[in-house]
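Where a number appears in this text, it was derived from the coordinates with a stated rule and is not lab data. These numbers come from a predicted model, not from an experiment. Methodologically, a virtual Cβ is constructed for each residue, glycine included, from the backbone with ideal geometry; neighbour enumeration extends over all protein chains shown.
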Amino acid sequence: MTGESEREQRAVVRALLEGHGRTYAAEAGIRLRDTPQPLYELLVLSLLLSARIRSSTAVATARELFGSGLRNPRHMQDATWQQRVDALGRGGYRRYDERTSTQLGDGARLLLDEYGGDLRKLRDRARGEVAEVRRLLQRVPGIGPAGSDIFVREVQGVWPGTSPYFGDKAFQGAERLGLPGRADRLLRLAGDADPDVLAAALIRAALDPEVVRSVMERARA
């Protein structure tokens, strides 16, 4: 890479982070820490984001669920199926509300039975290995490859053993911005930016052509 090309790419990454450098967890109001409740909230958000629905709707629905008191597996399990459906509907998640209500209830039960509601125990069972973390996550109803990818990408700020993690969708965003498709090169271009923040910004570029257009315009200014 020439010095000029690297300067141009740094400008693109800087513009991307200035305009879109926020994790989805932060957008959903999750104060992510390595403690059971915020980790569970992130899992719920990952389930919602993994459906074929606008990310803004998934985020709004997560906020509605949490605002309704469904912030941990015990409360999620104890809520009635209809209470979960109603909260999903208020968030705008109507297309998938009935199926998702069932998945949330069944998933909460599995987490309580196998991990005492504490996803740190899942991480420990996986010995911190990303592939195994993803495999165990996919045993939770409603969490498939996309959902496990979202969770690991967002959790890396508090589970440093999983970092850096970008995933195929983030690399797709990098390609659309003319950036390299390797984690080490992306992080070098990003300076001191956190990997979870950079990955989330790249996801937005992968999902929205308008993000790509605005970032490229800003980088050239």
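Just how large is the dipole of segment 156-221 about the Cα centre, in debye to the nearest 20, putting +1 at every Lys and Arg Cβ and -1 at every Asp and Glu Cβ?
Details: 9 positive and 9 negative charges, 45 e Å.
Dipole about the Cα centre, nearest 20: 220 debye.
Mind checking which of GLY91, GLY105, LEU70 is farthest towards the positive end of the chain's charge dipole, using Cβ charges of +1 (Lys, Arg) and -1 (Asp, Glu) about the Cα centre?
About the Cα centre, the residue reaching furthest to the positive side is GLY91.
Using only the Cα atoms of segment 60-103, build the gyration tensor, take square roots of its eigenvalues as a ≥ b ≥ c, and label the shape rounded, prolate or oblate: rounded if a/c is under 1.5, else prolate if a/b is larger than b/c, else oblate.
Numbers: a/c = 2.01, a/b = 1.23, b/c = 1.64.
Judged from the Cα gyration tensor, segment 60-103 comes out oblate (a/c at least 1.5, b/c at or above a/b).
Positive end of the dipole of the chain, charges at C-beta (+1 Lys, Arg; -1 Asp, Glu), about the Cα centre: which of ALA79, ALA174, VAL197 has its Cα farthest in that direction?
Sorting the options by dipole projection puts first ALA79.
Quick check on segment 152-221: take the gyration tensor over C-alpha atoms, sort the square-rooted eigenvalues as a ≥ b ≥ c, and tell me if it's rounded (a/c under 1.5), prolate or oblate. Intermediate values should be presented prior to the final figure.
Numbers: a/c = 2.03, a/b = 1.71, b/c = 1.19.
It is prolate, given that a/c is not under 1.5 and a/b is the larger ratio.
Helix 3-20 sits at what angle to the longest principal axis of the chain, using alpha carbons and giving 0 to 90 degrees rounded to 10?
Long axis of 3-20 versus the principal axis of the chain: about 30 degrees.
Just to confirm the number: angle between the C-alpha axis of helix 97-115 and the first principal axis of the chain, 0 to 90 degrees, nearest 10?
Helix 97-115 sits at roughly 80 degrees to that axis.
Counting helices only, and only those DSSP H runs with n ≥ 4, report the 222 nm mean residue ellipticity of the chain as the sum of -39,500 (n - 2.57) divided by its residues, in deg cm²/dmol to the nearest 500. Please list the in-between numbers first.
Details: 14 runs with 152 residues, N = 221.
After summing the helix terms and dividing by the residues of the chain, the value is -20500 deg cm²/dmol.
In segment 30-78, which trypsin sites (Lys or Arg not before Pro) are in a loop and have at most 10 other Cβ atoms within 10 Å, using DSSP for the loop call?
Working: sites: ARG31, ARG33, ARG52, ARG54, ARG63, ARG71, ARG74; in loops: ARG31, ARG33, ARG52, ARG54, ARG71.
Answer in residue order: ARG31, ARG52.
Identify the trypsin sites (Lys or Arg not before Pro) of segment 116-202 meeting these criteria: DSSP loop state and at most 10 other C-beta atoms within 10 Å of the C-beta.
Working: sites: ARG120, LYS121, ARG123, ARG125, ARG127, ARG134, ARG135, ARG139, ARG153, LYS169, ARG176, ARG182, ARG185, ARG188; in loops: ARG127, ARG139, ARG182.
Sites meeting the loop and neighbour criteria: ARG127.
Assuming R0 = 30 Å, can you tell me the calculated FRET efficiency for the pair ARG220 and ASP184, based on Cβ-Cβ distance, to the nearest 0.05?
Details: r = 26 Å, r/R0 = 0.86.
Once the sixth-power term is evaluated, E becomes 0.70.
Kirkwood Rh over Cα pairs of the chain into Stokes-Einstein at 25 °C, 0.890 mPa s: D in µm²/s?
137
Once you keep just the Cα pairs under 8 angstrom separated by 6 or more residues, what percentage relative contact order results for segment 82-140?
Numbers: 28 pairs, mean separation 12.4, N = 59.
Relative contact order of segment 82-140: 21 percent.
Relative contact order for segment 107-221: what is it in percent, counting Cα pairs under 8 Å that are at least 6 residues apart?
Once normalised by length, the contact order is 19 percent.
Explain nothing, just the number: dipole magnitude of the chain about its Cα centre with +1 on each Lys and Arg Cβ and -1 on each Asp and Glu Cβ, in debye rounded to the nearest 20. Intermediate values should be presented prior to the final figure.
Details: 35 positive and 30 negative charges, 31 e Å.
Here the size comes out at about 160 debye.
Tilt of helix 36-49 relative to the longest C-alpha principal axis of the chain, in degrees (0 to 90, nearest 10)?
Helix 36-49 and the main axis of the chain meet at about 70 degrees.
Let a ≥ b ≥ c be the square roots of the eigenvalues of the Cα gyration tensor of segment 18-134; is it rounded (a/c under 1.5), or, if not, prolate (a/b larger than b/c) or oblate? The partial results should precede the final answer.
On the way: a/c = 1.76, a/b = 1.15, b/c = 1.53.
Judged from the Cα gyration tensor, segment 18-134 comes out oblate (a/c at least 1.5, b/c at or above a/b).
In debye to the nearest 20, how big a dipole does segment 11-95 give about its Cα centre with +1 on each Lys and Arg Cβ and -1 on each Asp and Glu Cβ?
That gives segment 11-95 a dipole magnitude of about 180 debye.
How many nm is it between the label spots at GLU175 and ILE53, if each spot is 7 Å from the Cα in line with the beta carbon?
2.8
Rounded to whole Hz and in sequence order, give me ³J(HN,Hα) for segment 75-82 from the Karplus expression 6.51 cos²θ - 1.76 cosθ + 1.60, θ = phi - 60°, writing x for Gly and Pro.
Per residue, the Karplus-derived 3J(HN,Hα) values read 5, 5, 5, 6, 5, 6, 4, 5 Hz.
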